[in-house]
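Trainee: Have a look at the structure that comes next, please.
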Amino acid sequence: MIKLKFGCDMDGTTFEQMGAFLPYYKKFNPNVNSIDDLIYYDPEKLGFPMKDFYEMLKSFEHTKDFLNMKPLPGAIESVNKFYDIGGKVYYITARNSYKGIYQDSLDSLEKNKAKFEKLFLAYPKLDLIQKKGIVAMAEDRPEEIYELSKNGICCICVNRPYNKEVKENDFIKRCEANQIFECFMDNYSKILLT
């Protein structure tokens, strides 16, 4: 049997980015009261220019709150199960805002006992996923999920307040962060037989 190659995003998929980001975001946009109010991928609906939002995200990545983001409950343990059955796990994240972010991200994964082959900082992610032969990806961002699934990559959409509109189909399945492994096994185990 060929080793399963599984990809996993970090922020919003295995780590609780919104809970850490919310207090920081509220300093600049007091209209936001909860994570459910935070329309992460369309802040302009809350009266905040997109250009300013991206600058704020970059500065957030330098804060202690960002570096100390906690994993979503059970997420890393669930992803570790791929590694435990002999699969290859790749963490693929779009983080790229400062020189030391690779090492900080690596340290965070290791501190939280993540089991994986390699960490990649990449955006967009499709080319890397295809080059590495990754068959499935756990992700939270709708546009990334649609792009990957359109190109034949099985996507596990980790439920987040901002991706409720993502619909399941042959290439997209939804679950909680602590069910990533089980969701894959229930829906895509046929990949293991190829």
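Read-outs throughout are calculated quantities, based only on the coordinates presented, and are distinct from any laboratory measurement. Computed from a predicted model, the values in this text were never measured in an experiment. Heads up, the Cβs are rebuilt from the backbone with ideal geometry, glycines too, and the neighbour counts pull from every protein chain shown.
Trainee: How much length is gained if the chain between K132 and I85 is pulled fully straight, taking 0.36 nm per residue apart and subtracting their Cα-Cα distance, in nm to one decimal?
Mentor: Working: separation 47, 0.36 × 47 = 16.92 nm, distance 1.89 nm.
Taking K132 through I85 to full extension adds about 15.0 nm, to one decimal.
Trainee: Of K27/K99; K27/K132; K58/K88; K26/K132; K58/K167, which sit over 32 Å apart, Cα to Cα? Numbers along the way, then the final one.
Mentor: On the way: K27/K99 26 Å; K27/K132 40 Å; K58/K88 30 Å; K26/K132 39 Å; K58/K167 30 Å.
Over 32 Å apart, Cα to Cα: K27/K132; K26/K132.
Trainee: Cross-link candidates for K64: which aspartates and glutamates have Cα within less than 20 Å, leaving aside residues fewer than 8 places away along the same chain?
Mentor: D11, E16, E55, D104, D107, E110
Trainee: Among the aspartates and glutamates, select those whose C-alpha is under 16 Å from the C-alpha of K5, and discard any that sit fewer than 8 residues away in the same chain.
Mentor: By straight Cα distance, K5 reaches D84, E117, D127, E139, E182.
Trainee: Can you give the calculated 222 nm mean residue ellipticity of the chain, where each DSSP H run of n ≥ 4 adds -39,500 (n - 2.57) and the sum is split over every residue, rounded to the nearest 500 deg cm²/dmol? Could the numbers behind the result be given before it?
Mentor: Working: 8 runs with 73 residues, N = 194.
So the calculated ellipticity at 222 nm is -10500 deg cm²/dmol.
Trainee: With no other cysteine's Cβ closer than 4.7 Å, which Cys residues of the chain count as lacking a disulfide-compatible partner?
Mentor: That list is C8, C154, C155, C157.
Trainee: Using Cα-Cα distances under 8 Å and only pairs 6 or more residues apart, what relative contact order does the stretch 70-125 have, in percent?
Mentor: Relative CO of the stretch 70-125 lands at 47 percent.
Trainee: May I pose another question? Antiparallel as a % of all DSSP beta bridges within the chain, to the nearest 5? Write out the running numbers ahead of the final one.
Mentor: Values: 1 of 21 bridges.
DSSP beta bridges in the chain are roughly 5 percent antiparallel.
Trainee: Show me the three semi-axes of the equivalent ellipsoid for the chain, from the C-alpha gyration tensor (sqrt of 5 times each eigenvalue), largest first, rounded to whole Å.
Mentor: Values: eigenvalues 156, 68, 43 Å².
Output for the chain: semi-axes of 28, 18, 15 Å.
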